[in-house]
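The values are calculated or read from the model by the stated rules, or taken from the named source; none is laboratory data. Values in this document were obtained by computation on a predicted structure and should not be read as measured data. Note that we place each Cβ from the backbone using ideal geometry, even for glycine, and neighbour counts take in every protein chain shown.
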Amino acid sequence: MKLRRIFTWVLVVGITMFVTAVAVSEIEKKQRDEIYKQIELFTYAFSVIKSEYVSDPAPKDLIYGALKGMLAGLDSHSQFMDPDTYNELKVETEGKFGGLGIEISIKDSLLTIITPIEDTPAWKVGLKAGDRIVKIGDELTRDFTLTDAVKRLRGKPGTSVTITVLRESEGKLLPFTIERAIINIKDVKEAKILEDNIGYIRLVEFRENTEKAMDKALTELKKQNANCVILDLRNNPGGLLDSAVKVTNFFIEPGKTIVYTKGRKLLQNITFKSSSDKPILDWPMVVLVNEGSASGSEIVAGALQDYKRAIILGAKTFGKGSVQTVIPLADGSALRLTTSEYFIPSGKNINKEGVTPDVKVDQKVVELKDATDTETLFKEILDGKTPAKDEKKADADYKSDYQLVRAIDLLKGIRVFKQQDKK
């Protein structure tokens, strides 16, 4: 009786596996048939163009054009690179070239500035995060790929380029003539005590040596008796994923998921966990973000927000959360293909969505008659008035930065509550 039940069970399992295999093979067959059908359409169109077009196009030009369109139709970050473009990508970090100091992306089908990097030509002329580049020189950018844009924006140091941007917040088209320069970026821009033992670190990009720079900055703040910290990621466009993970490590206990990637293949599913043996867990923390915070910045802010390790203050971030893989082709060209997306610990996909701050604060550049008169500042803002200007000299101190002032007040409030809890 027992043997009969076993035999029946094996038979049912076998039939189920057979039916499943048949079903899978049927699906695969339909997919193959659809591919062949579309390839036949492509081949026919190719032959018609080759024989009927007004001039005789080179087959390579037709194939390259088709590949460009194919990749551009997937998403704004995937692209086909011809051999020259691919070679340029491979050597661009080795050679010296003139740039403007902007990070760009394609958002809503428009060439968009993620952020101008501080102290670069783009920053100095007044370009802003979210500006839409509608013209480079006399060329409209409507059908530009990122590669097309970079080729035209980059050039010999000392030469100039004129771009026209649409600033949607003002409803204006604004022309900017910018002189190219060698772009040298210092990842940790500032690290200091602001006031009342409140530490401040401004991180402008995630690079190879950012972990060391952060470690040095935090060590210096500890020596100066800091007991809380503001991490400023505004206008930080990202950089190296590994570097962003290492920065988050400083503030999260070990063994926690910081970010994970998901793609169609198992090899593309990677989880990055915190691993610091001495993280800083007892300092109250505020992270400043804005629409120019992207990619690595969003990973750091998202993880710290999910674990309630920091309060995120500012404006919603850019929303760049996908991973691109460069796949070389036989003739020296290459595909830059989106292969996976980033997810923060809560499971939220930051791609296109960005990170929403816990405390939304629009930036106001405030000029104070008295750098210490923050009570007057808040009263005037609450009353709907424009803060008074000092006609002799605008205050360039940190207290003219409204988001930063709010972050300082927030940390002071948190410390008051902590002291009350101890009593």
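Out of 311, 299, report the one residue that is among the aliphatic types (A, V, I, L, M), within 18 Å of residue 204 (Cα to Cα) and either modelled with pLDDT of 95 or more or surrounded by fewer than 22 Cβ atoms within 10 Å (Cβ to Cβ) (or both).
Values: 311 fails: within 18 Å of residue 204 (Cα to Cα).
Only one candidate qualifies: 299.
Condition check: at pLDDT 90 or above and surrounded by fewer than 19 Cβ atoms within 10 Å (Cβ to Cβ). Does residue 124 satisfy that?
Values: at pLDDT 90 or above: yes; surrounded by fewer than 19 Cβ atoms within 10 Å (Cβ to Cβ): yes.
So residue 124 passes the test.
Residue by residue through region 149-170, note down the ones that are touching an Asp or Glu at 6+ places or on another chain (Cβ under 8 Å) and part of a loop (DSSP other than H, G, I, E, B).
Within region 149-170, 158, 159 meet the criteria.
Could you list all residues from region 260-278 that are hydrophobic (A, V, I, L, M, F, W, C), outside any helix (DSSP H, G or I) and surrounded by fewer than 16 Cβ atoms within 10 Å (Cβ to Cβ)?
Narrowing region 260-278 to residues hydrophobic (A, V, I, L, M, F, W, C): 266-267, 270, 272.
Remaining after also requiring outside any helix (DSSP H, G or I): 270, 272.
Residue satisfying the conditions is 270 alone.
Give me the residue from region 184-202 that is over 19 Å from residue 292 (Cβ atoms) and charged (D, E, K, R) and, out of that set, surrounded by the most Cβ atoms within 10 Å (Cβ to Cβ).
Filtering region 184-202 down to residues over 19 Å from residue 292 (Cβ atoms) leaves 184, 191-199.
Filter once more, so that each one left must be charged (D, E, K, R): 192, 195-196.
Numbers: 192: 15, 195: 11, 196: 11.
Here the answer is 192.
Among the residues of region 231-244, is there at least one that is over 18 Å from the mean Cα position of the chain (by Cα) and not assigned by TED's automatic domain parsing to the domain that holds residue 105? Full working, then the answer.
Keep residues of region 231-244 that are over 18 Å from the mean Cα position of the chain (by Cα), which gives none.
No: region 231-244 contains no residue that is over 18 Å from the mean Cα position of the chain (by Cα) and not assigned by TED's automatic domain parsing to the domain that holds residue 105.
Quick grid of which residues meet (1) small (Gly, Ala, Ser); (2) over 20 Å from residue 336 (Cα atoms):
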position	(1), (2)
110	no, no
115	no, yes
132	no, yes
138	no, yes
144	no, no
161	no, yes
164	no, yes
171	yes, yes
178	no, yes
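Pairs needed: first member in region 49-71, assigned by TED's automatic domain parsing to the domain that holds residue 335; second member anywhere, at pLDDT 90 or above and of a type in the set (Ser, Thr, Tyr); C-beta distance under 7 Å; at least 6 residues apart or different chains.
none
Of all residues in region 250-259, how many are buried (at least 22 other Cβ atoms within 10 Å of the Cβ) and under 11 Å from residue 279 (Cβ atoms)?
Step one: list which residues in region 250-259 are buried (at least 22 other Cβ atoms within 10 Å of the Cβ), which gives 251-252, 258-259.
Remaining after also requiring under 11 Å from residue 279 (Cβ atoms): 251-252.
Number satisfying all stated conditions: 2.
Among the listed residues 225, 235, identify the single one that is buried (at least 17 other Cβ atoms within 10 Å of the Cβ) and assigned to a loop (DSSP other than H, G, I, E, B). I'd like the intermediate steps shown before the answer.
On the way: 225 fails: buried (at least 17 other Cβ atoms within 10 Å of the Cβ).
One residue alone meets the criteria, 235.
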